[in-house]
Amino acid sequence: QVQLVESGGGLVQAGGSLRFSCAASVSIFGIDAMGWFRQAPGKRRVLVATITSSGLINYADTAKCRFTISRDNAKNTVYLQMNSLKPEDTGVYYCNAGIRLDSYWGQGTQVTVSS
């Protein structure tokens, strides 16, 4: 069982920045991939960015050039730096960890970007 604890959400004006962190209860060396997903009100949960154990990174088109995902293996933590935020980035952000066929989710953290 993997527990994920997220922090860093909040209210920010358009053009501002936020940084999320997701701390895992286990060594992230054993986690195949970690990532961030966003769920806007009334919408399905969608991928924002992922990073594999080997360091391969994938971004949603909406996140490219604005968001940066990174990991600190010593702290078992993955980060998401979000810059140039837009109102359409509003939603609940969830951290995810995938180990083979198992998927684990954090509790979610709210981000509201005001125009």
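The values are calculated or read from the model by the stated rules, or taken from the named source; none is laboratory data. None of these values were measured; they are calculated from a predicted model. Glycine also receives a Cβ, built like all others from the backbone with ideal geometry; neighbour counts cover every protein chain displayed. For accessibility, only protein heavy atoms count, side chains too; no ligands or nucleic acids. Shrake-Rupley method; radii C 1.70, N 1.55, O 1.52, S 1.80 Å.
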ask   = Within straight cross-link reach of Lys64, meaning Cα distance under 19 Å, which aspartates and glutamates are found once same-chain residues fewer than 8 apart are removed?
value = Glu88, Asp89
task = Taking a cut-off of 20 Å between Cα atoms, list the lysines near Lys43, but don't count ones fewer than 8 places away on the same chain.
result = Lys86
inquiry  = Report the rotationally averaged projected area of the chain based on its alpha-carbon convex hull, in square nanometres.
reply    = 6.7
query = Which whole-Hz ³J(HN,Hα) couplings does region 101-115 yield from phi under the Karplus relation 6.51 cos²θ - 1.76 cosθ + 1.60, θ = phi - 60°, glycine and proline marked x?
reply = 8, 9, 10, 10, 10, x, 7, x, 9, 7, 10, 10, 10, 8, 8
key: Listed peptides 13-25, 56-68 by packing density, highest first (mean Cβ within 10 Å)   = 13-25, 56-68
note = Applying a 4.7 angstrom Cβ cut-off across the chain, unpaired cysteine residues come out as Cys65
inquiry  = Suppose all protein chains stay in the model; what accessible area per residue would a 1.4 Å probe give for region 5-115, in Å²?
reply    = 52
request  = Please identify which residues in region 76-91 have an amide N closer than 11 Å to a label point set 7 Å out from the Cα of Ala14, following the Cα→Cβ vector.
outcome  = 85-89
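Defining a contact as two alpha carbons under 8 Å apart and six or more residues distant in sequence, what relative contact order in percent does the chain show?
Details: 286 pairs, mean separation 41.8, N = 115.
Reported as a whole number, the value is 36 percent.
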Carbon + sulfur, % of accessible area of region 57-115 - ligands and nucleic acids excluded, 1.4 Å = 48
